[in-house]
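Undergrad: Sharing a structure with you now.
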There are 2 protein chains.
Amino acid sequence: MPSASAGSASASSAPPSPVPALVERLSRGDRAAASRLMTVVENRQVGYREALRLTAPLTGRAHVLGVTGPPGAGKSTLVSALIKHYRGEGKTVGVIAVDPTSAISGGALLGDRIRMLSFYQDPGVFVRSMASRGRLGGLAAATADVVRIMDAFGRDVIIIETVGVGQDEISIAGLADTTLLVEVPGMGDDVQALKAGVLEIADVLVINKADREGADRLANHIKTTMRLLPQAEEAWSPPIVKTVAHEAQGIAELAAAVEKHRAYLQERGRLQTDRRERLRAEVLERARDLMLRRLMQDIEQNGKLDGVLDDLLAHRTDPATAAHALVDGPRPE
Amino acid sequence: MPSASAGSASASSAPPSPVPALVERLSRGDRAAASRLMTVVENRQVGYREALRLTAPLTGRAHVLGVTGPPGAGKSTLVSALIKHYRGEGKTVGVIAVDPTSAISGGALLGDRIRMLSFYQDPGVFVRSMASRGRLGGLAAATADVVRIMDAFGRDVIIIETVGVGQDEISIAGLADTTLLVEVPGMGDDVQALKAGVLEIADVLVINKADREGADRLANHIKTTMRLLPQAEEAWSPPIVKTVAHEAQGIAELAAAVEKHRAYLQERGRLQTDRRERLRAEVLERARDLMLRRLMQDIEQNGKLDGVLDDLLAHRTDPATAAHALVDGPRPE
């Protein structure tokens with residue numbers, strides 16, 4: 001009995017996993033179960049791989065929107081307006097608000113996000129906040145997994161809202177099928193935004209607060225800059241949509257531009273090739289993390305690193321040779 | 001003959017490595033050989049591991065100084081003044097000028113560095129520039145290896161000069177035994193510099209251009225901020241040294257502060273523990289890179305990734321399980 005099937009033996013000695021029941025409840029539309037599974041995958045708690053594995057067959061239906069842009073561009077207001085629009089079309093919506101710098105700018109964001117509370121009574125809207133940096137495996141990986149649970153939960157549209165234009169945000173925007181870059185006139189940071197390479201990730205450009213002075217100038221500036229970007233034959237040409245989000249102006253046009261991009265992706269088979277490309281990067285990143293964790297565990301157990309460091313300090317070896325020795329074990333030369 | 005010793009068979013079919021002869025020449029003080037070996041390790045050319053292995057026994061004598069700080073702080077002038085000072089004491093000096101952003105700011109730096117040309121006739125001074133981002137294995141790793149060759153070449157003092165306060169610079173400063181952080185009054189960026197966490201890496205704080213207004217205010221500001229940093233019992237308390245580098249003012253005091261820090265490290269056995277800590281981080285980083293390269297080669301050869309991506313797109317698996325499959329091969333569950 002004990003050694004016949006080590007796998008099930010060790011499984012039966014552990015408490016039964018709550019994950020299968022949670023996934024079953026999620027598939028029946030249970031909000032609390034979905035929320036719980038998101039926490040499991042976001043924090044890489046016990047059972048997170050099981051959660052991803054069991055929900056995988058339920059995923060792939062949602063259209064994922066990324067909304068990014070500098071602080072103060074009115075992204076949260078825009079997202080609220082989009083939620084209303086999609087709800088009016090009878091679509092269910094999931095929102096993942098990601099803030100890699102929440103420790104610093106938490107206050108202002110909180111204010112913006114409180115507006116989303118108005119949707120908390122609507123079962124067709126699911127809002128989830130993610131914060132804190134330095135999490136295991138990176139914020140982008142955690143966000144990708146939360147998107148998956150949201151997708152398995154059956155949301156028609158999933159909106160990932162990120163703040164800023166840093167590398168984290170670009171990685172997170174990379175999780176979306178369609179990325180909206182939100183700019184506002186008169187912030188004087190148009191040049192900086194373009195410099196950071198964010199224009200290249202935009203599928204739809206939104207000039208929000210377009211009733212302000214300088215909206216046309218900003219639009220022209222963006223058009224000029226985009227002409228400088230390398231363009232593939234028959235590539236998608238990102239439209240520029242002007243909105244005044246707090247008055248719901250331009251939101252229908254924005255949703256139409258998003259829909260057009262989705263149709264473009266589908267017609268060209270791009271939806272699948274884009275997702276394949278993103279999955280490729282993600283799987284390789286995860287494989288690398290996995291190898292590193294294994295290496296660290298291995299090293300902590302066998303104490304080999306101490307001997308290697310002794311050799312290095314005594315100048316009997318060099319770091320490149322030492323790294324090979326750690327990975328392969330010592331080899332005769 | 002062919003299969004008896006595969007290692008030497010493949011070695012004899014390749015042209016003989018020039019590295020052993022170069023190392024022999026370097027050990028006799030041949031500047032051209034040292035320069036050539038630096039190029040080999042900097043660019044990870046064929047033979048770079050051999051170069052590191054053969055020079056390892058010659059290393060460990062130099063005291064390595066890191067000099068960092070914002071652009072315009074006068075670092076190059078300060079380094080020139082330090083070179084003169086050390087040459088006056090009969091010490092040999094190596095300088096490694098690192099500029100991760102050279103593509104952008106190349107012009108200004110070039111001007112600064114031309115001053116160092118005045119040392120080109122002095123065999124006791126060896127200046128080496130490093131630039132360009134995105135190199136294989138990272139700029140910090142390449143810099144660490146160039147430092148090793150410089151060390152093997154017998155320099156008494158090696159100065160690593162970096163521009164700016166970004167993550168690259170902090171990594172590179174981490175290569176030094178003693179790190180000098182150079183600030184100047186009236187640049188209004190004191191707060192920013194402190195925010196970036198650079199104060200924590202400083203062993204000696206230099207207020208250069210101290211004849212300018214605001215030098216005392218900056219010194220007080222730094223002192224106040226440093227009191228907020230966590231301090232271990234009997235820890236080194238970084239002194240603040242005022243200099244006017246272009247007039248060689250304060251340079252003897254600065255060299256004395258550096259010497260005091262070196263003595264502190266040596267007395268406490270910290271020199272070895274610090275180096276051990278740095279080597280630990282470096283070896284683990286290299287081991288991770290090595291594993292990643294292996295994984296990529298493996299994947300390119302076996303085509304396993306394509307099958308995994310097919311499964312992912314069909315929602316038959318999830319990225320976490322897929323990553324495990326890539327690293328371990330598929331396992332029965």
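Undergrad: Since B:VAL258 meets every condition but one in (1) facing chain A (nearest Cβ under 7 Å); (2) open to solvent by less than 70 Å² (accessible area, probe 1.4 Å); (3) over 17 Å from A:ARG278 (Cβ atoms); (4) modelled with pLDDT of 80 or more, which condition does it not meet?
TA: Unmet condition: (1).
Undergrad: Of the conditions (1) exposed (fewer than 13 other Cβ atoms within 10 Å of the Cβ); (2) within 23 Å of the chain's Cα centre (by Cα), B:GLU267 satisfies every one except a single condition; which number is it?
TA: With (1) exposed (fewer than 13 other Cβ atoms within 10 Å of the Cβ); (2) within 23 Å of the chain's Cα centre (by Cα) applied to B:GLU267, the lone miss is (2).
Undergrad: Moving on to the next point. Can you tell me which condition A:GLN249 does not meet? The list is (1) touching a helix residue (DSSP H, G or I) at 6+ places or on another chain (Cβ under 8 Å); (2) farther than 12 Å from A:VAL204 by Cβ; (3) touching a residue at least 24 places away in the same chain (Cβ under 8 Å), and all the others hold.
TA: A:GLN249 satisfies all of (1) touching a helix residue (DSSP H, G or I) at 6+ places or on another chain (Cβ under 8 Å); (2) farther than 12 Å from A:VAL204 by Cβ; (3) touching a residue at least 24 places away in the same chain (Cβ under 8 Å) except (1).
Undergrad: Can you name every residue in segment A:279-303 that is assigned to a helix (DSSP H, G or I) and exposed (fewer than 15 other Cβ atoms within 10 Å of the Cβ)? I'd like the intermediate steps shown before the answer.
TA: Of segment A:279-303, the ones assigned to a helix (DSSP H, G or I) are A:279-302.
A:ALA281, A:ARG293, A:ARG294, A:MET296, A:GLN297, A:ASP298, A:GLU300, A:GLN301, A:ASN302 - these are the residues of segment A:279-303 that are assigned to a helix (DSSP H, G or I) and exposed (fewer than 15 other Cβ atoms within 10 Å of the Cβ).
Undergrad: Mind checking which residues of segment B:304-333 are open to solvent by 40 Å² or more (accessible area, probe 1.4 Å), at the interface with chain A (Cβ under 7 Å from one of its Cβ atoms) and among the aliphatic types (A, V, I, L, M)?
TA: Passing the criteria: only B:VAL327.
Undergrad: Right, something else. Restricting attention to helices (runs of 4 or more DSSP H) lying wholly within segment A:30-102, give those where 2 or more residues are touching a residue at least 24 places away in the same chain (Cβ under 8 Å) and away from chain B (no Cβ under 14 Å).
TA: A:31-42, A:75-88
Undergrad: Here is a check on your reading of the model: is A:GLU253 within 22 Å of A:LEU199 (Cβ to Cβ), in contact with a strand residue (DSSP E or B) (Cβ under 8 Å, 6 or more places away or on another chain), open to solvent by 70 Å² or more (accessible area, probe 1.4 Å) and more than 8 Å from chain B (Cβ to nearest Cβ)?
TA: Against the criterion (within 22 Å of A:LEU199 (Cβ to Cβ), in contact with a strand residue (DSSP E or B) (Cβ under 8 Å, 6 or more places away or on another chain), open to solvent by 70 Å² or more (accessible area, probe 1.4 Å) and more than 8 Å from chain B (Cβ to nearest Cβ)), A:GLU253 qualifies.
Undergrad: Going by the structure shown, is A:THR273 in a helix (DSSP H, G or I), within 10 Å of another protein chain (Cβ to nearest Cβ), farther than 30 Å from B:ARG49 by Cα and among the hydroxyl-bearing types (Ser, Thr, Tyr)? Can you show your working first?
TA: On the way: in a helix (DSSP H, G or I): yes; within 10 Å of another protein chain (Cβ to nearest Cβ): yes; farther than 30 Å from B:ARG49 by Cα: yes; among the hydroxyl-bearing types (Ser, Thr, Tyr): yes.
Answer is yes for this residue.
Undergrad: Scanning for something within 14 Å of chain A (Cβ to nearest Cβ), open to solvent by 60 Å² or more (accessible area, probe 1.4 Å) and either of a type outside the set (Val, Ile, Thr) or not in a helix (DSSP H, G or I) (or both), does segment B:195-216 turn up at least one residue?
TA: Step one: of segment B:195-216, the residues within 14 Å of chain A (Cβ to nearest Cβ) are B:195-197.
From what is left, the residues that are open to solvent by 60 Å² or more (accessible area, probe 1.4 Å) are B:195.
Among the residues that remain, those that are also either of a type outside the set (Val, Ile, Thr) or not in a helix (DSSP H, G or I) (or both) are: B:195.
Yes - at least one qualifying residue is present in segment B:195-216.
Undergrad: Looking only at segment A:241-250, filter to residues that are of a type in the set (A, V, I, L, M) and modelled with pLDDT of 95 or more; which one of those is surrounded by the fewest Cβ atoms within 10 Å (Cβ to Cβ)?
TA: Among them, the one singled out is A:VAL244.
Undergrad: Can I ask one more? Using the structure shown, decide if B:MET296 is closer than 30 Å to A:THR317 by Cβ, facing chain A (nearest Cβ under 7 Å) and more than 21 Å from the chain's Cα centre (by Cα).
TA: no
Undergrad: Here's something else I'd like to know. Go through the residues of segment A:256-275 one by one and say whether even a single one is small (Gly, Ala, Ser), touching a residue at least 40 places away in the same chain (Cβ under 8 Å) and more than 30 Å from B:ARG280 (Cβ to Cβ).
TA: Yes: segment A:256-275 contains one or more residues that are small (Gly, Ala, Ser), touching a residue at least 40 places away in the same chain (Cβ under 8 Å) and more than 30 Å from B:ARG280 (Cβ to Cβ).
Undergrad: Residues of segment A:164-192 being in a loop (DSSP other than H, G, I, E, B) and either open to solvent by 30 Å² or more (accessible area, probe 1.4 Å) or modelled with pLDDT under 70 (or both), which ones? Lay out the reasoning, then the answer.
TA: Applying the first criterion (in a loop (DSSP other than H, G, I, E, B)) to segment A:164-192 yields A:165-166, A:174-177, A:184-189.
Hits for segment A:164-192 are A:VAL165, A:GLY166, A:GLY174, A:LEU175, A:GLY186, A:MET187, A:GLY188, A:ASP189.
The values are calculated or read from the model by the stated rules, or taken from the named source; none is laboratory data. Keep in mind that this is a model prediction, so the values were computed, not measured. Heads up, the Cβs are rebuilt from the backbone with ideal geometry, glycines too, and the neighbour counts pull from every protein chain shown. SASA here: full protein model, heavy atoms, side chains in, ligands and nucleic acids out. Shrake-Rupley method; radii C 1.70, N 1.55, O 1.52, S 1.80 Å.
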